[in-house]
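*Asks:* My questions will all concern the structure given below.
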Amino acid sequence: MANNGRRSVKQKKGPSTGTGGHGRKALEGKGPTPKAEDRTYHKAYKNKQLAERSAAKRGTGSRPGGAGARSGPKGRATEELVTGRNSVVEALRAGIPAKALHVAIRIEMDDRVKESLKLAAERGIPLLETGKVELDRMTEDAVHQGLVLQIPPYEYEDAYDLAEQTLAKWKKGHISNAPIFVALDGITDPRNLGAIIRSVSAFSGHGVIVPERRSVGVTASAWKTSAGAAVRVPVARASNLNNALKQFKSMGIYVLGLDGDGDVSLPDLSVATEPVCIVVGSEGKGLSRLVRENCDQIVSIPIDSAMESLNASMAVGISLYEVSRQRAAK
């Protein structure tokens, strides 16, 4: 029978030469499943692209933040977000510095929104219309009610530089009163910091020193509590509070620690007219052991025996008043 020029080929059983390992490679898999936002066919990917395009148009960047602080190098906060209509309008009323006010597209107007827009416009704060998807992303799904105020990072001074510059101005007669600083040891409540800044401003103090770690920073809450005094009183950071106190002492600044069992009563303070740095600890723990050891004197405030301790900001206010009183008397 004719085979039309074709040659019949016998089929061999088993794998043919050169196919070894093909099956093994197929079993290796394709690695971990990509995140939803990295899969081009997924809804999360489209939302991410939309948010990035929207942010790029306004020049605000697309890095995710939080309903509090955005994190920067080494985990340090670089900027803060105030969210919610009540919080935003109160922050604007308090004059807190702001980088931008994000307003939801087609936001439902009420008195708080109207006042926020008015205050932002009067202060020249940029108003950015922002989609709900991005507002949710920026605040990590916090309740923002269509309003998000972006607070720029606070620019801290260096503790040593602030002390050195202030002493130089005093010695040259550019400031009349001897320098007075307040250092915080273990204070973590921003409202305490705000109240202390306010007291330092009221009694012509020259700065507040906060440690770099395990300490409160100048947040929106601190700004608000200071009632604008944070604009006038510099806040400096010390990488190590104990080292900073040692440096202050070497510069001729008397370091006074506030504590209930002090060796000197506040009315008997003899160095009030000299450059001083008042150190206050947290209400519960007080001054840490090393900080106590680095103080020239531990000063106590006479109070009723039924009262265990004073709030940190109240103790600072009383101490600053007494120092101011003694300076005025001489």
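The values are calculated or read from the model by the stated rules, or taken from the named source; none is laboratory data. This one's a predicted model, so the numbers in the text were calculated from it and none came from an experiment. Reconstructed Cβ throughout: ideal geometry from the backbone, glycine too, with neighbour counts over all protein chains shown. In case anyone asks, the SASA skips ligands and DNA or RNA and just uses the protein heavy atoms, side chains included. Shrake-Rupley method; radii C 1.70, N 1.55, O 1.52, S 1.80 Å.
*Asks:* How many residues does region 170-198 hold that are in a helix (DSSP H, G or I) and touching a residue at least 12 places away in the same chain (Cβ under 8 Å)?
*Replies:* 10
*Asks:* Inspect all residues belonging to region 138-159 and state whether any of them is over 30 Å from LEU117 (Cβ atoms) and either free of Cβ contacts under 8 Å to residues at least 12 places away in the same chain or of a type in the set (A, V, I, L, M, F, W, C) (or both).
*Replies:* Checking region 138-159: at least one residue is over 30 Å from LEU117 (Cβ atoms) and either free of Cβ contacts under 8 Å to residues at least 12 places away in the same chain or of a type in the set (A, V, I, L, M, F, W, C) (or both).
*Asks:* How do the pairs read when you match residues in region 85-101 that are more than 15 Å from PRO153 (Cα to Cα) and open to solvent by less than 60 Å² (accessible area, probe 1.4 Å) with residues anywhere that are at pLDDT below 90 and charged (D, E, K, R), using Cβ under 6 Å and keeping only pairs 6 or more apart or on different chains?
*Replies:* Here the result reads ALA94/LYS224, each pair linking region 85-101 to a residue that is at pLDDT below 90 and charged (D, E, K, R).
*Asks:* Of all residues in region 201-231, how many are of a type in the set (Ser, Thr, Tyr), free of Cβ contacts under 8 Å to residues at least 60 places away in the same chain and closer than 16 Å to GLU157 by Cα?
*Replies:* Qualifying residue count for the region: 1.
*Asks:* Looking at region 258-282, which of its residues are out of contact with any Ser or Thr (no Cβ under 8 Å at 6 or more places or on another chain), small (Gly, Ala, Ser) and open to solvent by less than 40 Å² (accessible area, probe 1.4 Å)?
*Replies:* Selection gives ALA272 alone.
*Asks:* Moving on. From ILE209, ILE180, ILE253, ILE187, grab the single residue that is aliphatic (A, V, I, L, M), closer than 30 Å to ASN86 by Cα and open to solvent by less than 40 Å² (accessible area, probe 1.4 Å).
*Replies:* One residue alone meets the criteria, ILE187.
*Asks:* Just one of the numbered conditions (1) touching a residue at least 40 places away in the same chain (Cβ under 8 Å); (2) over 22 Å from ALA195 (Cβ atoms) is not true of SER282; which one?
*Replies:* Every listed condition holds for SER282 apart from (2).
*Asks:* Would it be correct to say that LYS285 is open to solvent by 70 Å² or more (accessible area, probe 1.4 Å) and within 26 Å of the chain's Cα centre (by Cα)?
*Replies:* yes
*Asks:* Test each condition in (1) farther than 23 Å from ARG198 by Cβ; (2) of a type in the set (A, V, I, L, M); (3) touching a Cys at 6+ places or on another chain (Cβ under 8 Å) for LEU256 and report the one that comes out false.
*Replies:* Failed condition: (1).
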